Amino acid sequence: MKNALRMVIVVVIGTLLSACFPDRKEIRNNTWIVVSLKASGNDTTWNPGAVYELTFPEKRTFSMQLDVNSCGGSAVFNPNNIIFFNDISCTEACCDSPFVTEMLRLLAQVNRYQFNEDQMVLSGSKGITISFVRK
């Protein structure tokens, strides 16, 4: 009887915890395609010239496929839609487009995410945004 009660408590607590952070699971369990970016202090929106995919292969990591290279690092999700991309490293530092160079620079500066069905927007201070659509 005690084991059954413990199991019920564990299931209820797990369900409650997963309900508190539904966006994280939706973000991590999908592939995201970059559709635009905007740097701080700049009204110009950049659109990619190719398909760049962002994935979260593990709970605290991210991976991006670029023009030629691939990048990855840690992705830290905190309450209230806070996210940090840290330890970003790439296979090479050359041969990718100016869009990719700017996207990686901005990725290190974002600190919030907003998720709405098939769209995700990463944002930072002074108007930085990187917009994605679910693949």
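Just so it is clear, none of the values below were taken in a lab; they were calculated from the coordinates. Note that the structure is predicted; figures quoted are calculated from it, not measured. All Cβ positions, glycine included, derive from the backbone under ideal geometry; neighbour counts span all protein chains shown.
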Counted residues in region 97-135 being assigned to a strand (DSSP E or B) and surrounded by 13 or more Cβ atoms within 10 Å (Cβ to Cβ) come to 15
Filtering region 60-96 down to residues that are under 18 Å from LEU122 (Cα atoms), over 11 Å from the mean Cα position of the chain (by Cα) and loosely packed, with under 14 Cβ neighbours inside 10 Å yields ASN78, PRO79, ASN80, ASN86, ASP87
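Applying the selection to region 36-59, what residues are in a strand (DSSP E or B), touching a residue at least 40 places away in the same chain (Cβ under 8 Å) and closer than 24 Å to LYS126 by Cβ?
SER36, LEU37, LYS38, TRP46, LEU54
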